[in-house]
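Asks: First the structure, then my questions, so here it is.
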Amino acid sequence: MTRFILRRLAGFVPVFLIIATLIFFLIRMAPGGPFQEGERFVPPEVLEQIRDTYNLNAPLHVQYFDYMRDLLRGDLGPSMQQPSRTVSEWIVLRAPVSIELGAYALVVSVVLGLFAGVLAALRPNTLTDYVPMSLAMVGICLPTFVMGPLLVLGFALKLQWFPVAGWDTAAHKVLPALTLGAVYAAYVARLARGGMFEVLAQDFIRTARAKGLSEARVVLRHALRGGIQPVVSFLGPAAAGLLTGSFVVEKIFQIPGLGKQFVEAAFNRDYTMLLGAVLFYAVLILAFNLIVDIAQAWLDPRVRYD
Amino acid sequence: MTEAAVPLLEAGTSLWRDAWRRLRKNHLATFALVVLILILFVVVIGPWISPYSYETQDRELGAAPPTAKNWFGTDTLGRDLFTRILYGGRISLMVGFCATAVSLTIGVLYGAVSGFAGGRVDSAMMRVVDILYTLPFTIVVIILTVYLGKSIVLLFLAIGAIEWLTMARIVRGQVVGLRNKEFVEAAYVMGLSRSRIILRHLVPNALGPIIVYTTLTIPQVMLLEALISFLGLGVQPPMSSWGVLIQDGAKLMEEYPWLLIFPSVFLSLTLFSLNFLGDGLRDALDPRMAKD
Amino acid sequence: MTKRFLASLFFLLAAGCTGENEGTGNGNSSNAPRDNVLRVAADAEPQSLDPMLTTGHTEHRILCSLFEGLTTLNQKTLAVEPGVAQSWEMSSDGKTYTFRLNPAAKWSDGTPITANDFIYSWKRILSPKLGSEYSYMLWCLENGEKYNKGDVTDFAQVGAKAIDDHTLEVKLLYPAPYFLTVHMHNAWFPVQQATIEKHGNIDDRQSKWILPENMVSNGPFKLVEWQPNRVIRVVRNEHYWNVANVSLEEIQFYPVNGNLQTAERMFRANEVDTMETLLITKVPAYKRDNPDVLRLDPFTATYFYRINTTRPPLNDPRVRLALAMSVDKESICNDVLFGAFIPARALSPPGIGGYTADAGIDYDLAKAKQLMAEAGFPDGKGMRPLEILYNESEDHQMIAEAVQDMWKKNLGIDVTSSKQEWKVYLNSMTALNYDVVRAGWIADYLDPMNYIECFTTGNGNNRTGWTNAEYDSLEQKARFEIDPAKRFGFMQEAEGILLGDTPIIPIYTYRQRYLVSPSVQGYDSNPMAYMNYRYFSVKHQPN
């Protein structure tokens, strides 16, 4: 297992470099650039000068090598669209917020989803199945841009339990976490239900029940481990989705996270900011997928990574 | 007594016929199937019999709540919402099913092969998935629009190309778990080719989460389509889709709630039916569920 | 084990939810309502707070609190009032201005402002390497354009000279009667040389001088906090020469990241006192239920469609005029846009700098059909399909769909409308890769010349391929004319030609639309949306 982990970690580096290269060229394929005429005319001489400052007039392979050289030194470059800070400074400023939001949302989705899914699997095709599952489905029926404003209208404006926007106090964090987590709660619930179902039908469960173990023990001690396997598989993509998908929630609740910055960088063609954000996400995704794979191996001893 | 004279107690049956029989017995799933067919029917036939077109404007009327003339009300340009939902349904369902089919095919095959192969091949294949994951979606779509125009087929491909990644991960997870089970070893020993093992034995056993995830992907895809239209690819105004209708309706939910409620109801109905049907399918296909 | 783990997670979450004011936010900006603290919901996070690097209106409104130019404008009447300059003289040919600076004018660090500061600042914005997108505003200075393009490298040749510490002489290329009003724009704001040079070169874009711990400014307020996407806080600058007349102690700007719904909700929850822009969909409800807080004020900005005059059959002015005359602007403004905007007949906004265009394009279907027939397309037969391009925004989409419908129904031609992503849209427009494209123009300064000059042959802001020698000559005549009445006369003629030839279709004149809480006083608006925060005060009613 340790060898496996070490090998995976070593594998991060080439993957990372491949991603950097791929994205570097990919974003330059998109039409337009960070510095071009906007709604107002800008003299071409001025544009030339600006582009010079950011090395955008050099031949592409030169730009590439310069960037990779800086990257290996840990320098992600200046932000083209928001010059008051460098890309690294922006990431350090904004990423913790997105991670925090994503973490809360993940907790919400796992707690709500597992609860609903496991309960539903215990008594299939009864009310204890339909009700929690239907509630969990609300998360998908109402996408974030619907659920967010609805929650704000109800809980923030009408009931005044929470503030409308911002990210300062704990009260600010509830509605965004719920909004973002609700979608994934539905996924988790359904996957958990399916997974638990399969496990509960197995022989060793019947044995456990025959032995006289309490239902709770059977479920939690024996079934859960195998039952949540599809959920664990899903957590990798879920975490990735939470991080990159937080953009809408950040917009609705005015949260100073990386998601919105990332999407804006794409629209503004802020090459350095975009690359920096992508690489940051890449590291997180790779790490999280590794954790998920480890968790899978731990949960199911028959899984062998050879 | 010859063999012919004794009727076989159980006719030889395949997994699928068995499943169909079980599915029919599941009342909720059958009901869900009926609802889905109904929605499909309404969405296909409806536009032909509606007195309105999806683009007939009545700007003086503007956004009006439901009346006898406009059953679901009108939008801000005075267009009949019901008709627009029907037309939009065509787009959404088509995109939903087709794009999901694309992602399903690619994802299942990729994930199964990766999971079965194991070792370095599996590692490499999953790293490719990781790499593709990090591609900024917005940029990819923008590039696609520019270099390949605006066809609806492109829309399927774009969406399918995004969604298959997660499917592959899930399938691979399942297969990795099943790979070392006895029945796989048995099939191997019996001399079955690897592709046959993958297709005939592993995939069907991994079907549970696959079905569940598929039924979840379809509405996800429909909403993704709204985002893509935002970027200029996909459905162009005045034509609309459920995703776009919901997105636009969400912005006006306080002033004109019907603009959000009705498209959401349609999406939710489709969603719920798909999921109950999916659950029913999952239950029906589970060989261990043979209670008869 | 898993159960206990899950349970403890749940309790952690629950505990987090009930805590008050203990979050990780280190913002000590409590946004509870306080007297003489103005809380504003800004439309977007500013790209920068460097007055020479910003282009947006949101940034301008924030910068108006931090900096002050040679002159300021009266909040209500836009009459010119003293700024850093306490008096000024204009030469008889209108091309030379002499400003006498107020010796009491100081930077926020207490050092006095001198004429050299302005020379340095204007040198900075005209520095080619800085890449300021608004440098063209200073092209009215002698050799300003040449210096900006790098043709002239000695700034002493540019038409701005410091006669002594408190006397500034400006030489213009042409008489600009509006010149005293341009100083409200951030392109003309002064920056302190010592601060800039402490953090980099004069033309460094990436400089950190704008961060709160470094910034030195000369306006009624100074920057104390800037948490991106959370809050920008400015407090009263005690060194400001006119601080005695500033009632506000603090202004807090809350960027809503482009989500204007949030701004309105924050207003309702009393988390802000006012905002920059209200969604037009909210206008009817406020008009009906709460009209006292709603403001719909004139705004010198025009929304129009550009027509690509290089693409047949749009190269025929009759076709263009027909298209323009079949747009029912009343219907668009009143029905589609909730009565928030005013139909426009001309390019320039009515009343800008005292000028209102006489010529105009009206909705006239009969005439439009006749023109189409004359051009060879009776009832639209034979006309190829047209495409309207726009960038993402609901308003643009609705207007495009409405116009599409009008042209289809009224003229019988086939029209599609396409939404394009922002940069793609910009590319289409500048490369003349469109049939009809949506556009807008907010006045940079208070004079119709700002609009007229855009459509001369080859002007970078023309973007329609339209060229007319007579229009060009009229524009030049107006530019160099000193007599105001004659000057306006030339511009009237020019605009008449423009509208007759129709490279653009005027759609509506903008209105500022926003909400103001009754606790804010002195918030008179002006058509330029210029914020002279000296006049504002905030007093909350005790409840």
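Asks: Could you tell me whether C:Gly69 is among the small types (Gly, Ala, Ser), in contact with a Phe, Trp or Tyr (Cβ under 8 Å, 6 or more places away or on another chain) and within 24 Å of C:Gly353 (Cβ to Cβ)?
Replies: yes
Asks: Restricted to the range C:145-178, and to residues that are touching a strand residue (DSSP E or B) at 6+ places or on another chain (Cβ under 6 Å) and among the basic types (Lys, Arg), which residue is farthest from C:Ala104 (Cα to Cα)?
Replies: Result: C:Lys171.
Asks: Residue check, B:Leu231 against (1) under 30 Å from C:Tyr425 (Cβ atoms); (2) more than 7 Å from every other protein chain (Cβ to nearest Cβ); (3) not acidic (Asp, Glu), all met but one. Which one?
Replies: If we test B:Leu231 against (1) under 30 Å from C:Tyr425 (Cβ atoms); (2) more than 7 Å from every other protein chain (Cβ to nearest Cβ); (3) not acidic (Asp, Glu), just (2) comes out false.
Asks: Restricting to the range A:172-188, count the residues that are closer than 22 Å to B:Asp283 by Cβ and at the interface with another protein chain (Cβ under 10 Å from one of its Cβ atoms).
Replies: 2
Asks: Look at B:Pro66 and say whether it is at pLDDT 85 or above and either under 29 Å from C:Ile332 (Cβ atoms) or among the aromatic types (Phe, Trp, Tyr) (or both).
Replies: Yes.
Asks: Now a separate question. Mind checking which residues of the range A:78-90 are more than 10 Å from every other protein chain (Cβ to nearest Cβ) and either under 22 Å from A:Pro237 (Cβ atoms) or in contact with an Asp or Glu (Cβ under 8 Å, 6 or more places away or on another chain) (or both)?
Replies: Within the range A:78-90, A:Ser88 is the sole residue that qualifies.
Asks: Follow-up. Could you list all residues from the range C:428-481 that are under 23 Å from the mean Cα position of the chain (by Cα), farther than 14 Å from C:Leu498 by Cα and not in a loop (DSSP other than H, G, I, E, B)?
Replies: Passing the criteria: C:Ser428, C:Met429, C:Thr430, C:Val437, C:Arg438, C:Ala439, C:Gly440, C:Trp441, C:Ile442, C:Asn450, C:Arg479.
Asks: Counting only residues that are assigned to a strand (DSSP E or B), in contact with a Leu (Cβ under 8 Å, 6 or more places away or on another chain) and not aliphatic (A, V, I, L, M), how many does the range C:482-510 have?
Replies: Of the residues in the range C:482-510, 2 are assigned to a strand (DSSP E or B), in contact with a Leu (Cβ under 8 Å, 6 or more places away or on another chain) and not aliphatic (A, V, I, L, M).
Asks: Moving to a separate point now. From B:Phe137, B:Phe156, which residue is within 11 Å of another protein chain (Cβ to nearest Cβ) and either at pLDDT 75 or above or touching a helix residue (DSSP H, G or I) at 6+ places or on another chain (Cβ under 6 Å) (or both)?
Replies: B:Phe137
Asks: Among B:Glu163, B:Glu182, B:Glu255, which is the only one that is farther than 27 Å from B:Leu77 by Cα, within 13 Å of another protein chain (Cβ to nearest Cβ) and surrounded by fewer than 19 Cβ atoms within 10 Å (Cβ to Cβ)?
Replies: Unique residue meeting the criteria: B:Glu182.
Asks: Now for a separate question. Across the range A:1-32, which residue is farthest from the chain's Cα centre (by Cα) among those that are on the phi < 0 side of the Ramachandran plot and within 8 Å of chain C (Cβ to nearest Cβ)?
Replies: A:Pro31
Asks: Of all residues in the range C:420-439, how many are in contact with a Phe, Trp or Tyr (Cβ under 6 Å, 6 or more places away or on another chain) and over 23 Å from C:Val319 (Cβ atoms)?
Replies: Counting residues in the range C:420-439 that are in contact with a Phe, Trp or Tyr (Cβ under 6 Å, 6 or more places away or on another chain) and over 23 Å from C:Val319 (Cβ atoms) gives 1.
Asks: On to the next question. Which residue out of C:Pro527, C:Pro506 is surrounded by 22 or more Cβ atoms within 10 Å (Cβ to Cβ), of a type outside the set (Val, Ile, Thr) and in contact with an Asp or Glu (Cβ under 8 Å, 6 or more places away or on another chain)?
Replies: Only one candidate passes the filter, namely C:Pro527.
Asks: For the range C:348-362, which residues satisfy the criterion of being in contact with a helix residue (DSSP H, G or I) (Cβ under 6 Å, 6 or more places away or on another chain) and assigned to a loop (DSSP other than H, G, I, E, B)?
Replies: Those that are in contact with a helix residue (DSSP H, G or I) (Cβ under 6 Å, 6 or more places away or on another chain) and assigned to a loop (DSSP other than H, G, I, E, B): C:Ser348, C:Ala357, C:Asp358, C:Ala359, C:Ile361.
Asks: On to the next question. Mind checking which residues of the range A:245-276 are at the interface with chain B (Cβ under 8 Å from one of its Cβ atoms) and crowded, with 24+ Cβ neighbours inside 10 Å?
Replies: A:Phe262, A:Ala266, A:Leu274
Asks: Can you pull out the residues in the range B:212-231 that are crowded, with 22+ Cβ neighbours inside 10 Å and farther than 19 Å from A:Gly139 by Cα?
Replies: Result: B:Ile228, B:Ser229, B:Leu231.
Asks: Which of the helices (runs of 4 or more DSSP H) contained wholly in the range B:107-208 include at least 1 residues that are within 19 Å of A:Ala266 (Cβ to Cβ) and without any contact (Cβ under 8 Å) to a residue 60 or more places away in the chain?
Replies: Of the helices (runs of 4 or more DSSP H) lying wholly inside the range B:107-208, those with at least 1 residues that are within 19 Å of A:Ala266 (Cβ to Cβ) and without any contact (Cβ under 8 Å) to a residue 60 or more places away in the chain span B:119-133, B:137-148, B:152-179.
Here is a yes/no grid of residues against (1) modelled with pLDDT under 95; (2) in a loop (DSSP other than H, G, I, E, B); (3) touching a helix residue (DSSP H, G or I) at 6+ places or on another chain (Cβ under 9 Å):
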{"position": "C:Ser29", "(1), (2), (3)": "yes, yes, no"}
{"position": "C:Asp35", "(1), (2), (3)": "yes, yes, no"}
{"position": "C:Lys76", "(1), (2), (3)": "yes, yes, yes"}
{"position": "C:Ser92", "(1), (2), (3)": "yes, yes, no"}
{"position": "C:Thr98", "(1), (2), (3)": "no, no, no"}
{"position": "C:Lys123", "(1), (2), (3)": "no, no, yes"}
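Asks: Identify the single condition in (1) more than 7 Å from every other protein chain (Cβ to nearest Cβ); (2) in contact (Cβ under 8 Å) with a residue 60 or more places away in the chain that A:Asn57 does not satisfy, given that it satisfies every other one.
Replies: Going through (1) more than 7 Å from every other protein chain (Cβ to nearest Cβ); (2) in contact (Cβ under 8 Å) with a residue 60 or more places away in the chain one by one, A:Asn57 breaks only (2).
Asks: Sticking with this structure for a sec: Residue check: is A:Val138 surrounded by fewer than 20 Cβ atoms within 10 Å (Cβ to Cβ), in contact (Cβ under 8 Å) with a residue 24 or more places away in the chain, within 25 Å of the chain's Cα centre (by Cα) and within 13 Å of chain B (Cβ to nearest Cβ)?
Replies: Against the criterion (surrounded by fewer than 20 Cβ atoms within 10 Å (Cβ to Cβ), in contact (Cβ under 8 Å) with a residue 24 or more places away in the chain, within 25 Å of the chain's Cα centre (by Cα) and within 13 Å of chain B (Cβ to nearest Cβ)), A:Val138 qualifies.
Asks: How many residues are more than 40 Å from the chain's Cα centre (by Cα) and part of a helix (DSSP H, G or I) when one looks only at the range C:375-393?
Replies: 2
Asks: Of all residues in the range C:394-421, which are of a type in the set (S, T, N, Q), touching a Lys or Arg at 6+ places or on another chain (Cβ under 9 Å) and outside any strand (DSSP E or B)?
Replies: Matches in the range C:394-421: C:Gln397, C:Asn410.
Asks: For the range B:67-90, indicate whether the set of residues that are closer than 20 Å to B:Val221 by Cβ, touching a residue at least 40 places away in the same chain (Cβ under 8 Å), buried (at least 23 other Cβ atoms within 10 Å of the Cβ) and within 14 Å of chain A (Cβ to nearest Cβ) is non-empty.
Replies: no
Asks: Residues in the range B:232-246 that are surrounded by fewer than 24 Cβ atoms within 10 Å (Cβ to Cβ), in contact (Cβ under 8 Å) with a residue 12 or more places away in the chain and either closer than 13 Å to B:Gly96 by Cβ or touching a helix residue (DSSP H, G or I) at 6+ places or on another chain (Cβ under 7 Å) (or both): how many?
Replies: Qualifying residue count, the range B:232-246: 4.
Asks: Kindly check whether there is at least one residue in the range A:101-121 that is more than 10 Å from chain B (Cβ to nearest Cβ), out of contact with any Cys (no Cβ under 9 Å at 6 or more places or on another chain), of a type in the set (Ser, Thr, Tyr) and under 17 Å from A:Ala238 (Cβ atoms).
Replies: Checking the range A:101-121: at least one residue is more than 10 Å from chain B (Cβ to nearest Cβ), out of contact with any Cys (no Cβ under 9 Å at 6 or more places or on another chain), of a type in the set (Ser, Thr, Tyr) and under 17 Å from A:Ala238 (Cβ atoms).
The values are calculated or read from the model by the stated rules, or taken from the named source; none is laboratory data. Since we're looking at a predicted model, the values are computed, not measured. Every residue, glycine as well, gets a Cβ built from its backbone with ideal geometry; the counts of neighbours run over all protein chains shown.
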